[in-house]
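Asker: Pasting a structure here, questions to come.
Just so you know, all these numbers are worked out from the coordinates, no wet-lab data involved. Quick caveat: nothing in here was measured; it's all calculated off a predicted structure. Note: ideal-geometry Cβ built from the backbone for every residue, glycine included; neighbour counts use all protein chains shown.
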Amino acid sequence: MTARDRPDPIANPWSARVVVAQIPEAGLHRDIEADEAARMALAKIAGLRDIESARASFDLTPGRDDSVQVRGRVSARVGQTCVVSLDPIENDIAEDVDLLFVPEDSVQAFAAAIDDDAGDEEGRDIPDAPEPIVNGVIDLGRLATDVLFLGIDPYPRKPDAVFVPPSTAVDPEDHPFAALKALKIDPNPSRGKKPKRD
């Protein structure tokens, strides 16, 4: 999930905006951390029990073509519920980031160039499509949020959790032919015989 994929009706609670024009030629390093209010809002959006911590470290390197390379790492500790035992558990998330940001009107051109390069050299790792620089700004908080959400285990499970199916005693009367036992069959039916006269 990228910034373009996640629906925008939900306001992003973790924001750390960087103006691209203010990034020095030598690059910029930024460390960011979500405060308690942002963590609570993120947990609600992601359907988590809670988010104990969420932080990120990024290095931004400007390119000559108005692009910005963003490399870094996002880490978090999230509270979830074991899908087997339903016990509360804590999971650590650590995800590396290596993305190229380009001006919005250049995204398609960059993506096409990546596709052309990928077609020329088969077997080579294809880089991710570039992310847009929106109104001259890169929101590192939004980027960290997307990376954090991608790192969440959708089926959290305690290491020692074992699924035990419910055990039910088998009722000997509970079988397909049990109903036949309820029928009383006359072993000597009259078969239409007339009663004897005295």
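Asker: Within the set of other residues whose C-beta is less than 9 Å from the C-beta of VAL70, count the net charge using Lys and Arg as +1 and Asp and Glu as -1.
Answerer: Every neighbour counted, the sum reads -2.
Asker: On to the next question. With r as the distance between the Cβ atoms of ARG55 and VAL19 and R0 = 25 Å, compute the FRET efficiency 1/(1 + (r/R0)^6) and round to 0.05.
Answerer: It comes to 0.70.
Asker: If you don't mind, there's one more thing I want to ask. Quick one: compute the contact order of the stretch 17-150, relative version, from alpha carbon pairs under 8 angstrom and 6+ residues apart, as a percent.
Answerer: 24
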